[in-house]
Each structure stands twice: as structure tokens, then as C-alpha cells.
Amino acid sequence: QVHLVESGGGSVQSGGSLRLSCEASGYGYSSAYFMGWFRQTPGKEREGVAAILRDGSPNYAYSVKDRFTISQDNAKNTLYLQMNSLKPEDTAMYYCAADPLPYGLGWRFYKYWGQGTQVTVSS
């Protein structure tokens with residue numbers, strides 16, 4: 001079983017920053033797993049935000065490119081998402097996910113999910 005726990009969400013004003021963390025644990029987890037960040041707002045489909053690809057490089061949704069940075073600390077089994085220049089449209093529940101295969105921003109394929117952390121950006 002793999003457990004993913006997100007933290008770091010909150011309420012900020014437009015232009016502000018937040019850093020999300022996702023700590024992975026559990027018998028089945030491996031630091032070789034591929035991980036990503038996803039978000040969802042009520043009534044809308046979940047969307048990919050940022051993910052680590054097979055070669056270790058990051059992949060970002062166009063809407064967050066140059067504002068968000070994904071990183072991973074394998075020693076701590078933790079995935080991060082640094083979010084700068086936040087906009088009201090970034091308001092969503094943010095989830096991290098992990099899978100043995102590199103699905104990138106394709107959220108439908110990820111096997112393991114956290115419970116999410118809420119990010120609210122006010123104008």
C-alpha cells in the first residue's frame with residue numbers, strides 16, 4: 001500500500017506564493033515511482049499541473065509554466081510544488097499522485113493518490 005499526504009495549501013492573495021509538499025510512504029512505495037501534481041475545481045475535470053518525466057525532467061501545463069516548479073527529494077520521499085505569481089484561476093484542490101509508470105500529466109492513469117490540499121487565491 002502506498003500513502004501520499006499533501007500539505008502546504010492555504011489562502012493567499014493574487015501574486016502570492018505557496019509551496020506544496022507530498023510525502024510518500026508505505027510498503028509498496030519506491031523512490032523510482034513517477035509522481036505529479038494535479039488539481040480540480042468543483043464541476044470541472046481534474047487536470048495535470050506538473051509531473052516528473054522518465055528522464056527526470058519536469059513537464060508543466062501551459063497555464064502554470066514559468067510560475068510553478070516541481071521538484072523531488074528522494075531522500076525524504078517528498079514531492080514539492082513551488083507556486084509563484086498565483087492567480088485566482090489557480091484556486092483548486094491540489095493532489096499529488098504516484099505510479100510505477102511515467103504517465104506525465106495523464107492523471108487518469110495514476111494508481112496512487114493523496115487526499116488533496118486546498119489552494120485558494122483571492123484577487
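The figures follow:
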| item | result |
| --- | --- |
| Top-ranked residue in segment 60-112 [being touching a Ser or Thr at 6+ places or on another chain (Cβ under 8 Å) and among the β-branched types (Val, Ile, Thr); ranked as nearest to Gly28 (Cα to Cα)] | Thr78 |
| Residue ID - nearest to Gln1 (Cα to Cα), chosen from residues in segment 69-113 that are free of Cβ contacts under 8 Å to residues at least 24 places away in the same chain and among the hydrophobic types (A, V, I, L, M, F, W, C) | Phe109 |
| Qualifying residue in segment 43-50 (condition: more than 15 Å from the chain's Cα centre (by Cα), open to solvent by less than 30 Å² (accessible area, probe 1.4 Å) and modelled with pLDDT of 95 or more) | no |
| Those residues of segment 93-123 which are under 13 Å from Ala50 (Cβ atoms), in a strand (DSSP E or B) and either open to solvent by 60 Å² or more (accessible area, probe 1.4 Å) or of a type in the set (A, V, I, L, M, F, W, C) (or both), in sequence order | Cys96, Ala97 |
| Test set (1) closer than 12 Å to Asn77 by Cα; (2) outside any strand (DSSP E or B) - Gly15 fails condition number | (1) |
| Some residue of segment 3-12 being free of Cβ contacts under 8 Å to residues at least 60 places away in the same chain, β-branched (Val, Ile, Thr) and either open to solvent by 30 Å² or more (accessible area, probe 1.4 Å) or not in a strand (DSSP E or B) (or both) | no |
| Qualifying residue in segment 76-83 (condition: open to solvent by 70 Å² or more (accessible area, probe 1.4 Å), hydrophobic (A, V, I, L, M, F, W, C) and in contact with a Phe, Trp or Tyr (Cβ under 9 Å, 6 or more places away or on another chain)) | no |
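The values are calculated or read from the model by the stated rules, or taken from the named source; none is laboratory data. These figures come from a predicted structure and were not determined experimentally. FYI the Cβ positions are ideal-geometry reconstructions off the backbone, even for glycines, and counts take in every protein chain you see. These accessible areas exclude ligands, DNA and RNA; they are computed on the full protein's heavy atoms, side chains included. Shrake-Rupley method; radii C 1.70, N 1.55, O 1.52, S 1.80 Å.
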